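Colleague: Please find one structure pasted underneath; my questions will follow.
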Ligand code: NAD
């Protein structure tokens, strides 16, 4: 085992879980056993919540300008340890080192945003009648939880950690049991940055601990990022326990390619979007609607896809089950009459025979009823459907139950606007394959890609992580009573 057995992080210390059951943590890169992760019990969660609760009064009363000083230092530490964090991310997740570097750079950008929060949460004050003021303040919620998926071991935790904590909350995070190492390193860096003990805590585990978080009376709010199936479970359970909840789910992102699209740029963007992070991004292009005759662009997409080589510029998928599931989707589409233009099945990387790789796959002549057209595959696969008109393409995009992202490739501004207005997704790209809004813009999809109000990052997250206190003050108590005062 490359690393010692993973422990929970509670009150500034790594502590063993009381649960004796553990799961192996295996690197998708080459099958190395990296560590074991404990399946914590409700008693472990109780301890973490108690630590967070104890830390909350002092942390929440500290002025925000002081709280964000921790995140200025944390940002510097992320920069200093970028290489080491990126290597850990690659080891446990399987993405390429370059992709991991980009992931840590995004953590830095997210932290940079959190350091600007004092400028954004100033509240409001107005003299509402003579000598009477109304004022609003954003106040923290208390102990909050963040449940995260496997595909971004460092970035998704940093969607919530800096903002929620800078805004005065204390946090329990539940990392993915598939990639539990990065969060532990983030805990060490937060401590080194001066975060007081108990403000940030990690409880490892799987389903049982997620359910315990949704039920715990000491937790005020739950944020979740993962599949739609689990997002629905978490949203329902947390809100039925009267908690605030924001649950981000899966995706099936459509790219619409129009005949006037710039061929080389479009092909590069489509290939990069479907194969980046081995297709394991909730913003990955998964379906492409070819409008009219775009055969020349499809040819170029195949050329670009063939340049993406497993083990070189294409990372592994998370595990064997995932590899088999993706390959099943491809085979089923082939049996149903779709044409496999680039076939990523049976990918092998020399020297990494126990790694779990799938090569880039381009499937043409897919029909909207096929599973590859409807379901999230979460692998480096693009399913191409063909339509005669933009409205037919939009009908296909609108009919899919998800709504994270959609993109259009065209040089016609009017047509781009037409699609922006009609696509049913929270994040739209025009000539952009992965339309992730950068800070300070917020991240969040629509439909079955998100349950709850508001977005998880950017300015929108302020509403989720705080509650408004409204105070009315009479500064001339000697004045007569006015019905409005
Ligand atoms: P997942 O839903 O399987 O797991 C997410 C978290 O939920 C993990 O911490 C896991 O331990 C826990 N969990 C799993 N099954 C559970 C259950 N039955 N009950 C309670 N908790 C459970 O997701 P994943 O496979 O880790 O991540 C991939 C998914 O996440 C994809 O669907 C992807 O689109 C989605 N994702 C969405 C976004 C977004 O912003 N919308 C971002 C990243 C990933």
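Colleague: Taking neighbour Cβ counts within 10 Å as the exposure measure, how do 324, 304, 211 sort from fewest upward?
Modeller: Neighbour counts put them in this order, fewest first: 324, 211, 304.
Colleague: Further question: Relative to the present Cα-Cα distance, how much length would full extension add between residue 438 and residue 481 at 0.36 nm per residue of separation?
Modeller: 10.5 nm
Colleague: On a 0 to 90° scale, report how tilted helix 413-422 is relative to the longest principal axis of the chain, with both axes built from alpha carbons and the result rounded to the nearest 10.
Modeller: 60
Colleague: Taking 45 Å as R0, compute the FRET efficiency from the Cβ-Cβ separation of residue 241 and residue 80 and round it to 0.05.
Modeller: Details: r = 40 Å, r/R0 = 0.90.
Given R0 = 45 Å and the Cβ-Cβ separation, E is 0.65.
Colleague: Post the alpha-carbon centroid distance, region 406-422 to region 112-141, in whole angstrom.
Modeller: 38
Colleague: Test of understanding: what is the full-extension gain from residue 331 to residue 130, defined as 0.36 nm times their sequence separation minus their Cα-Cα distance?
Modeller: Values: separation 201, 0.36 × 201 = 72.36 nm, distance 7.45 nm.
Extending this stretch completely gives an extra 64.9 nm.
Colleague: State, as an integer percentage, the relative contact order of region 34-113 based on alpha-carbon contacts under 8 Å between residues 6 or more apart. List each step's numbers first, then the result.
Modeller: On the way: 33 pairs, mean separation 22.9, N = 80.
Across region 34-113, relative contact order equals 29 percent.
Colleague: Using 7 Å Cα-to-Cβ label points, what is the residue 312/residue 87 separation (nm, one decimal)?
Modeller: Distance between label points: 2.5 nm.
Colleague: Which FRET efficiency value, to the nearest 0.05, is calculated for residue 46 and residue 192 with the Förster distance at 35 angstrom and r the Cβ-Cβ distance?
Modeller: That gives a FRET efficiency of 0.80.
Colleague: With axes computed from alpha carbons, what is the tilt in degrees of helix 97-115 against the longest principal axis of the chain, rounded to the nearest 10 within 0 to 90?
Modeller: 30
Colleague: Relative contact order of the chain, please, whole-number percent, based on alpha carbon pairs below 8 angstrom and at least 6 residues apart.
Modeller: After rounding, I find 18 percent.
Colleague: Go ahead and collect, in residue order, the members of region 331-352 whose backbone nitrogen is under 12 Å from a label point 7 Å along the Cα-Cβ direction of residue 371.
Modeller: 331-336, by backbone N distance to the label point.
Colleague: Within the chain, what percent of beta bridges assigned by DSSP are antiparallel, to the nearest 5? Write down the numbers at each step before the final one.
Modeller: Details: 28 of 67 bridges.
Around 40 percent of the beta bridges assigned by DSSP in the chain are antiparallel ones.
Colleague: Roughly how many nanometres apart are two label points built 7 Å out from the Cα toward the Cβ at residue 3 and residue 18?
Modeller: Rounded to a tenth, the inter-label distance reads 2.6 nm.
Colleague: Using the 10 angstrom Cβ neighbour count as an exposure proxy, how do 322, 461 rank, fewest first?
Modeller: Lowest to highest Cβ neighbour count: 322, 461.
Colleague: Sticking with this structure for a sec: Defining a contact as two alpha carbons under 8 Å apart and six or more residues distant in sequence, what relative contact order in percent does region 253-430 show?
Modeller: Details: 354 pairs, mean separation 52.2, N = 178.
Answer for region 253-430 is 29 percent.
Colleague: At what distance in nm do the modelled label points of residue 339 and residue 72 sit from each other, each positioned 7 Å from its Cα along Cα→Cβ?
Modeller: 6.1
Colleague: Right, another one. Mind giving me the FRET efficiency for residue 112 and residue 264? R0 is 45 Å, r the Cβ-Cβ distance, nearest 0.05 is fine. List each step's numbers first, then the result.
Modeller: Details: r = 33 Å, r/R0 = 0.74.
Rounded to the nearest 0.05, the efficiency is 0.85.
Values in this text are rule-based calculations from the coordinates and carry no lab data. Quick caveat, the model's predicted, so the values are computed rather than measured. Reconstructed Cβ throughout: ideal geometry from the backbone, glycine too, with neighbour counts over all protein chains shown.
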